Amino acid sequence: MNMNFKRKLPTPQELKEMYPLSEDLAKIKAKNDKEIEEIFSGKSDKFLLIIGPCSADREDAVVEYMHRLKEIEPKVSDVIKIIPRIYTNKPRTTGAGYKGMLHQPDPTKDPDMLNGLIAIRKMHMRVLAETGFSCADEMLYPENHRYLSDMLSYVAVGARSVEDQQHRLTASGIKIPVGMKNPTGGDISVMLNAISAAQHPHTFIYRGWEVESTGNPYTHAILRGYQDKAGNSIPNYHYETLSELAKIYTEENFKNPAVIVDCNHSNSNKKYLEQIRIAKEVIHSIKVNPSIHGIVKGLMIESYLLDGCQKVGEGVYGKSITDPCLGIEKTEKLMLELAEELRLIREKYNK
């Protein structure tokens, strides 16, 4: 093989033993998990906001951002459940670019995956300890999920991974909600097939073991827009798409039918300020259509301390080094506005 086997990495169990989660923190995560599951099952009418940086590039800025979210939380917690994004590994379309803290704990230095694994575990644990947030991460590598499985409350499977068998089968054995994004080509059936596969039990190979999964009833859709053959971004957050998806969910035998709308990526054409308008449009669709209200469980928004993005090495604290993000001041204003609308929607549907 044309590979240099540099060193053997610790197993997830070994890393968890090196950096164990305390019983108190495990209880906080369990409480968050229960609240989130009740939203997906329909027992709670709270709205999910999966929000945070496109990529978690440095611990200090990420932790500060999480503290800022914590300050906002009491103002919206009656109607919004916050799941912060701490995305520690990033898909790269061409293989080039920053692949996340798992690969490079320091974005300006060479890859170091041993220290990357340690860094991401310590960062997730610190956020949980200091804020009570158990967060979301992308499952870019299914075999790596267990390094963080005791701290995560939400997992996303990306647009480039959603058709992969190992991602689907691994999702079927995960206890927390897993969102399946529509593929970059936009075929909704691919996403729905992934949801169906993950909701059923399977026997498969995982980390060198023959394993059996029970199926994940909280696997659901994430609409993130797509690209046509010419490379143009095509949104799929509009009323018509949501209404059609609600119809499909009614006709098919899915458990806990649910969708999260990703307000960035191809839905916004990566124009980060458009996330504000898109979020409000989705809320309007929920308000006027009971079927859409029944399936749309939340939004995904890319947000960080500062607006926009920068190149690796520029060194601007709290500014994204991957996709552009909404700054925290605009984020707070948007969250307060969404909360007001959601209170009105609650009144309407509870009459």
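Counted by neighbouring Cβ atoms within 10 Å, the residues V296, V79, V261, V316 run from fewest to most as V316, V79, V296, V261.
Highest mean first, the peptides 132-145, 230-243 sorted by other C-beta atoms within 10 Å per residue fall in the order 132-145, 230-243.
For the peptides 262-268, 122-128, residues were scored by their other Cβ atoms within 10 Å and the scores averaged per peptide; the highest-first order is 262-268, 122-128.
Look at the alpha carbon pairs under 8 Å that are at least 6 residues apart: their mean separation over the length of segment 34-115 gives a relative contact order of 29 percent.
Taking amide hydrogens as placed 1.01 Å from N in the peptide plane, the amide H of S303 sits under 5 Å from those of G52, C54, L326, each at least 5 positions away in sequence or on another chain. Each residue of segment 263-272 is assigned a 3J(HN,Hα), and the resulting list reads 7, 10, 6, 6, 5, 9, 6, 6, 8, 4 Hz, derived from the Karplus form 6.51 cos²θ - 1.76 cosθ + 1.60 (θ = phi - 60°), x at Gly and Pro.
Expressed in units of 2.2 N^0.38 Å, where N is the residue count, the Cα radius of gyration of the chain is 0.94. By the count of other C-beta atoms within 10 Å, a proxy for reagent exposure, K70, K34 are ordered fewest to most as K34, K70.
Amide H to amide H, with H built 1.01 Å from N, G100 comes under 5 Å of K90, counting only residues 5 or more places away or on other chains.
What does the net charge come to around I301 if you take all other residues with beta carbon closer than 10 Å to its beta carbon, with K and R at +1 and D and E at -1? That sum, taken over residues with Cβ under 10 Å, equals -1. Across all Cα atoms of segment 209-304, the radius of gyration (one decimal) and Dmax (whole number) stand at 15.0, 49 Å. So if we plug the beta-carbon distance of E143 and Y317 into 1/(1 + (r/R0)^6) with R0 = 45 Å, what FRET efficiency do we get, rounded to 0.05? With a Förster radius of 45 Å, E is 0.85. Sorting R68, R92 by the number of Cβ atoms found within 10 Å of their own Cβ, with the fewest placed first, yields R92, R68.
Evaluate the relative contact order of the chain (contact order divided by residue number), counting alpha-carbon pairs under 8 angstrom at least 6 apart; express in whole percent.
16
Each of the peptides 201-209, 252-260 was scored by the mean count of other Cβ atoms within 10 Å over its residues; in descending order, highest first, they stand as 252-260, 201-209.
We did not get these values from a lab; they are worked out from the coordinates using the rules stated. Since the structure is predicted, the reported quantities are computational estimates derived from the model, not experimental observations. A quick note on method: Cβ atoms are made from the backbone with ideal geometry, for glycine too, and the neighbour counts reach across all protein chains shown.
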